[in-house]
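K.L.:
Quick one: the structure is below, questions incoming.
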Amino acid sequence: MSEAPTNSLSATCPQCGAPVTLPDYADLALCPFCGSNLRRTRPIAFEPRLAGTSAGTSAGAMAATAGAAAAGVAPVKPAASGSHPVEVDEQALHSLTCPQCAGPLSVQAGRRILLCSRCGVRVLWSGQGGVSRWLFPQNVSQIQALGAAAKWLSDYPGISREARDVPVRQSRLVHIPIWEHKVLVAGWEFGTKLRTKSYLASDDEGNERLELALTEERFEDPHLQERRFFQAACDLPTLGATRPRFSGRELLLPLVAGEVDPASLVMEPQGTAAAIAEQGRRVALLPASGAADPHTWIVILRESVTLLYYPLWLVDYQADGHSYRVVVNAHDGSVNSATAPAREGRFTPLLGLKVAALVVVAILALWLGSAWSGIRVPTIFLAVIVCVAAVLLVLRSPAGGKVEYHEPFSS
Amino acid sequence: MLCTRCGIPLSGGDEAALFVCPGCGLVHEVGEKTLAPFAASTVAASTELAVSGSVQYLAVWRLLPAAMTEDDPVWEHILRVAAPGPAYLYVPAFSLARPVVQRIGMRLTEVQPVLELTAGVPAERGQRPALAEARAEVTRLSAAAAGPSGDPRGGSAPDEVNGEQDFDVVSPILVGRREAWGLAQFVYLAIEAREIHDLQPADLRLKPGGEELLFFPAVWDPRYIHESNWRLLLREFDGLVA
């Protein structure tokens, strides 16, 4: 797990002179004193290739580039043939201003097009390296997170009595990065699908019964839709967490340094946007119809890669001489993942009774199916479902003296 | 972003692919480092029917393919309809909702309307003379049925049908030039899928040629379900309502 960012930029606000810190994870900072939106710029110097290149040209080019970058507009490289651009180590903070009237621009609305409230000019805004960063708002306080952890420990089945009453006091807020690859795809899928159809069948005695049969049906599915691919940009199992469930359509905020809790650990993303885009493209072009061998024509019309930062509370506690953790979702207050000492071993008399009851139900269903041919198919389905439930019950029971919970349908 | 010709701030929301100058009507594409301007045209209304409602202008790409699949009966039929002029493919640029792109794109491509073009982008909303207006509550219900508003981050929401209230006179341009060619194949396959029973998408050979952006006059009317509720004011669309 990477610790606090080391490449923070501490500088003064160019508008009011107040000290401002811009951590490496953020593109923008909000000046706490004057409210200006500030962005990091890396000035570009021009190293002379030929002897005799004037210093004035380099300085002028640097100023022009930095000014353009500060305005959110892509800098235009000078046509000087005797120099080449080199990114220098120095970094500076520049306020986000309108290139037309120098009025302050705000990215609070979180849009690609920023509207100058003073002169009405629209400015195209691009994030760091073409990847915009967004934040799930933190809605759960530390006390609420501790309460959620304590409630989980008291309610979840199979936890040892000692752990149920253990005081949970230590917690830490982390923001985990998650890659989002969003594409707009258009295309068609043609082919045949196997569908289950029911029909009435009658025997020699005139008794009617419902039968199911598989039939092949032709389909033509048009697609013009957004497809999203998410992947955790950090090692979640090390944290003891799983990727939280979300659709990507939630209300998000642009990641601005001044708006993240300073005590929070914002984890650095692993992987590159190019690798995620390649993986996302592969997934997006997969047929969605579920047909065995469809003819597909799908194209990607537009795509974007985004980093989403999700807040989680890590609540740690000690029980039976071991450390355990409950991860509480700081966005919606649910328990994301948790571990606790188990009350007993895997096979308990109660578990045995439950499994035996399920097996009896399955046998009964099979017997009913064999006795009445009209309900044979539904009873076989029921027996299979009950057997699967019995197996899941055994697998989900505490094993190895430890209860482990992960939010369902997350990855 | 300022107009490269007259210096007026360009209009266009966060989801727009192209930006229009409200002063001179020049359309601007965002390039690598600069804005690339080009001219669009407005289609004159050709219907002689009195259609009720406010006239709005819908951005549509008209594409001239350089080459199509040989011996394609669907394209041959379109060529016959368009004769003696060239045959075009039409792609709605004002919406990314699938039914809108598919229905209006198909209808325009199949009909190959005769268009009277004027350079520039319309500025004022026209009011068509009519004996009755579409009932307001019907309009509201249809818009509500189309679903909630878009992505909070400003991204496009393709599954949502754009209602009348989404823009004023001129529609936003949500589809760029390159995307229009991708959608042209989508529209063409929609036509082919209806005509050919055992279609193989791999058969399609569509090579990009020229393209132009047009603004079609239309009235939003919930009765015109086959054109996604948009009644195009062209004589070729003087058909029956649903």
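K.L.:
Determine, yes or no, whether A:THR196 is touching a residue at least 24 places away in the same chain (Cβ under 8 Å) and polar (S, T, N, Q). Quick ask: steps written out before the conclusion?
P.N.:
On the way: touching a residue at least 24 places away in the same chain (Cβ under 8 Å): no; polar (S, T, N, Q): yes.
It is false that A:THR196 is touching a residue at least 24 places away in the same chain (Cβ under 8 Å) and polar (S, T, N, Q).
K.L.:
On the basis of being surrounded by fewer than 16 Cβ atoms within 10 Å (Cβ to Cβ), more than 12 Å from the chain's Cα centre (by Cα) and under 17 Å from B:VAL170 (Cα atoms), does B:ALA119 make the cut?
P.N.:
Details: surrounded by fewer than 16 Cβ atoms within 10 Å (Cβ to Cβ): yes; more than 12 Å from the chain's Cα centre (by Cα): yes; under 17 Å from B:VAL170 (Cα atoms): yes.
So B:ALA119 fits the description; yes.
K.L.:
Search segment B:14-25 for residues being surrounded by 18 or more Cβ atoms within 10 Å (Cβ to Cβ) and among the small types (Gly, Ala, Ser), and hand back the single one that is farthest from the other protein chains (Cβ to nearest Cβ).
P.N.:
B:GLY25
K.L.:
Also, quick follow-up: Just name the residue that is surrounded by the fewest Cβ atoms within 10 Å (Cβ to Cβ) out of those in segment B:26-42 that are within 11 Å of chain A (Cβ to nearest Cβ) and not in a strand (DSSP E or B).
P.N.:
First, pick out the residues of segment B:26-42 that are within 11 Å of chain A (Cβ to nearest Cβ): B:28, B:30-35.
Applying the additional criterion that residues be not in a strand (DSSP E or B) yields B:31-34.
Values: B:GLY31: 9, B:GLU32: 6, B:LYS33: 11, B:THR34: 13.
Across segment B:26-42, the extreme among qualifying residues is B:GLU32.
K.L.:
Sticking with this structure for a sec: What's the number of the only condition in (1) away from every other protein chain (no Cβ under 14 Å); (2) under 15 Å from A:ARG133 (Cβ atoms); (3) surrounded by 18 or more Cβ atoms within 10 Å (Cβ to Cβ) that A:LEU239 fails to meet?
P.N.:
The one condition A:LEU239 does not meet is (2).
K.L.:
Could I ask something else about it? What helices (runs of 4 or more DSSP H) completely inside segment B:66-182 contain at least 2 residues that are in contact with a Pro (Cβ under 7 Å, 6 or more places away or on another chain) and at pLDDT 90 or above?
P.N.:
On the way: elements: B:73-82, B:98-111, B:136-145.
Output list reads B:98-111.
K.L.:
Could you look through segment A:130-177, keep only residues that are in a helix (DSSP H, G or I) and touching a Ser or Thr at 6+ places or on another chain (Cβ under 7 Å), and pick out the one that is nearest to the other protein chains (Cβ to nearest Cβ)? Even if it seems obvious, please write down each step before you answer.
P.N.:
Going residue by residue through segment A:130-177, those that are in a helix (DSSP H, G or I) are A:130, A:142-155, A:161-164.
With the extra rule that they be touching a Ser or Thr at 6+ places or on another chain (Cβ under 7 Å), the set shrinks to A:142, A:145-146, A:164.
Numbers: A:GLN142: 27, A:ALA145: 25, A:LEU146: 30, A:ARG164: 40 Å.
This residue is A:ALA145.
K.L.:
To continue, here is another question. Conditions: (1) under 22 Å from the mean Cα position of the chain (by Cα); (2) within 25 Å of A:THR192 (Cα to Cα); (3) more than 14 Å from every other protein chain (Cβ to nearest Cβ); (4) assigned to a loop (DSSP other than H, G, I, E, B). A:ARG282 meets all but one. Number of the miss?
P.N.:
(4)
K.L.:
Hey, can you tell me all the residues within segment B:9-25 that are closer than 17 Å to B:PRO172 by Cβ and assigned to a loop (DSSP other than H, G, I, E, B)? It would help to see each step written out before you state the result.
P.N.:
We begin by selecting, within segment B:9-25, every residue closer than 17 Å to B:PRO172 by Cβ; these are B:9-22, B:25.
Within segment B:9-25, B:LEU10, B:GLY12, B:GLY13, B:ASP14, B:GLU15, B:ALA16, B:ALA17, B:CYS21, B:PRO22, B:GLY25 meet the criteria.
K.L.:
Something else now. Taking A:LEU251 as the residue in question, decide whether it is hydrophobic (A, V, I, L, M, F, W, C), over 17 Å from A:SER132 (Cβ atoms), modelled with pLDDT of 80 or more and surrounded by fewer than 18 Cβ atoms within 10 Å (Cβ to Cβ). Outline the logic, then answer.
P.N.:
Values: hydrophobic (A, V, I, L, M, F, W, C): yes; over 17 Å from A:SER132 (Cβ atoms): no; modelled with pLDDT of 80 or more: yes; surrounded by fewer than 18 Cβ atoms within 10 Å (Cβ to Cβ): yes.
No, not satisfied.
The values are calculated or read from the model by the stated rules, or taken from the named source; none is laboratory data. Here the structure is a predicted model, which is why all the values come from computation and not from measurement. Note that each Cβ is placed from the backbone with ideal geometry, even for glycine, and that neighbours are counted across all protein chains shown.
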